[in-house]
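Asker: Dropping a structure here in structure tokens format, bear with me for questions.
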Amino acid sequence: MKDFKEKLSGRIFFVLALSSISVLALITVFILIKGTPLIAEVGLKDFIFGMTWAPGRGEFGIFPMIAGSVSVTFGAAVIGVPIGICCSIFLAEFAPAWLSKIFRPVIQLLAGIPSVVYGFWGMIFVVPLIRDYLGGPGLSILAGSIILAIMILPTVISISEVSILALPRQYKEGALALGMTHWQAIYSVVLPSAKSGIVASVVLGIGRAVGETMAVIMVLGNAVALPESILDPVRTLTTNIGIEMGYAEGAHEQALFATGIVLFVVIMIINGLAQYITRDKNKGRR
């Protein structure tokens, strides 16, 4: 009877795991079926590196939106990653236990706030500040980068902190015994030893930023043009799909699905890189 229950439980879990994989496979096949014909018609090179997005005229170039996605994601990483790593070091190495018990739930709460709330806050506070003190329309790369930086903080902080706390105590104790100060031990021993986990947190945070839609729709300005400064409005791949899918049809709809294929490939590469880094870290521990 016990063996039967164990086998039944194993099969149930297998079916559940298989169902999740099947859903991913169906989504992938659906996107490919919808988007591949447009890429074949326009040409992969012209589609990716084309400078004009004018579905009404049959022009489907997404390079300005690729540039917008890259610039906003890079800005979010520049702002959010250093802050996130510093917060994780503080929580793991310096914060008293009572303060950590307060900070950790608050940081985790940031991950549960709907993205539209971040976008609304950005429209009300961030955009006017940029417009009044730095110039431009306010709806810009900088505004999107700030919002996305805040949104990736829970990922970077949580994973980096866990990576630091998972290190054997002997690492830091050995460094301190050799005469290093606390800061020297952190910089020379702790951070290099936790590098794989920290890099994985950064990669996952970047993947989160690349895939964000609603918040950046509200603060980017959504102009289909190559930006010349961080104060210029841009449109990302995700916002392009979110804005136009509601009324697109025919070749226009296929172009949006083709954009989804590009975005899907980018996200898969980022997640694969994170998995590789994490796996390499686990192998190193063994």
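The values are calculated or read from the model by the stated rules, or taken from the named source; none is laboratory data. Since we're looking at a predicted model, the values are computed, not measured. Here the Cβ positions follow ideal geometry from the backbone for every residue, glycine too, while neighbour counts run over all protein chains shown.
Asker: State all residues of the stretch 62-81 that are surrounded by fewer than 24 Cβ atoms within 10 Å (Cβ to Cβ) and of a type in the set (S, T, Y); if no residue qualifies, say none.
Answerer: S71
Asker: Within the stretch 192-236, how many residues turn out to be within 30 Å of Q170 (Cα to Cα) and in contact (Cβ under 8 Å) with a residue 40 or more places away in the chain?
Answerer: Total satisfying the criteria: 10.
Asker: Consider K34 against the criteria (1) loosely packed, with under 13 Cβ neighbours inside 10 Å; (2) within 15 Å of E244 (Cβ to Cβ); (3) of a type in the set (K, R): it satisfies all of them except one. Which criterion is unmet?
Answerer: (1)
Asker: Please state which one of G112, G135 is surrounded by fewer than 18 Cβ atoms within 10 Å (Cβ to Cβ), closer than 24 Å to P227 by Cβ and at pLDDT below 90.
Answerer: Answer to the selection: G135.
Asker: Another question, if that's okay. What are the residue pairs meeting all of these: first residue in the stretch 3-30, first residue part of a helix (DSSP H, G or I), second residue surrounded by 10 or more Cβ atoms within 10 Å (Cβ to Cβ) and aromatic (F, W, Y), Cβ atoms under 7 Å, and 6 or more apart or on different chains?
Answerer: That search, which allows pairs on different chains as well, returns nothing.
Asker: Given the conditions (1) at pLDDT 95 or above; (2) in a loop (DSSP other than H, G, I, E, B), and given that V72 satisfies all but one, which numbered condition is not satisfied?
Answerer: (2)
Asker: Still on this model: With the condition kept exactly as written, say whether any residue in the stretch 84-104 is surrounded by 14 or more Cβ atoms within 10 Å (Cβ to Cβ), β-branched (V, I, T), touching a Ser or Thr at 6+ places or on another chain (Cβ under 6 Å) and part of a helix (DSSP H, G or I).
Answerer: Yes, there is a match, as at least one residue in the stretch 84-104 is surrounded by 14 or more Cβ atoms within 10 Å (Cβ to Cβ), β-branched (V, I, T), touching a Ser or Thr at 6+ places or on another chain (Cβ under 6 Å) and part of a helix (DSSP H, G or I).
Asker: Of the residues Y171, Y118, only one is part of a helix (DSSP H, G or I), among the hydroxyl-bearing types (S, T, Y) and under 19 Å from V219 (Cβ atoms); which?
Answerer: On inspection, the qualifying residue turns out to be Y118.
Asker: Just need a number here: residues in the stretch 38-61 that are loosely packed, with under 14 Cβ neighbours inside 10 Å and part of a helix (DSSP H, G or I).
Answerer: Qualifying residue count for the region: 6.
Here's the yes/no breakdown for (1) within 25 Å of S71 (Cα to Cα); (2) in contact (Cβ under 8 Å) with a residue 24 or more places away in the chain:
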residue: F90; (1), (2): no, no
residue: A95; (1), (2): no, no
residue: I102; (1), (2): no, no
residue: V117; (1), (2): yes, no
residue: F125; (1), (2): yes, no
residue: R131; (1), (2): yes, no
residue: A143; (1), (2): yes, yes
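Asker: Hand me the list of helices (runs of 4 or more DSSP H) wholly inside the stretch 175-274 holding 2 or more residues that are within 12 Å of M65 (Cβ to Cβ) and at pLDDT 90 or above.
Answerer: Ranges flagged: 237-244.
Asker: Right, next: Among the residues of the stretch 245-275, write down those that are among the small types (G, A, S) and over 30 Å from S196 (Cα atoms).
Answerer: Passing the criteria: G246, A248, G250, A251, A255, A258.
Asker: While we're here: Scan the stretch 146-157 and tell me whether some residue there is in a helix (DSSP H, G or I) and free of Cβ contacts under 8 Å to residues at least 40 places away in the same chain. Talk me through it step by step, then tell me what you get.
Answerer: Step one: filter the stretch 146-157 for residues in a helix (DSSP H, G or I), giving 146-157.
With free of Cβ contacts under 8 Å to residues at least 40 places away in the same chain added as a condition, the list becomes none.
Scanning the stretch 146-157, I find no residue that is in a helix (DSSP H, G or I) and free of Cβ contacts under 8 Å to residues at least 40 places away in the same chain, so the answer is no.
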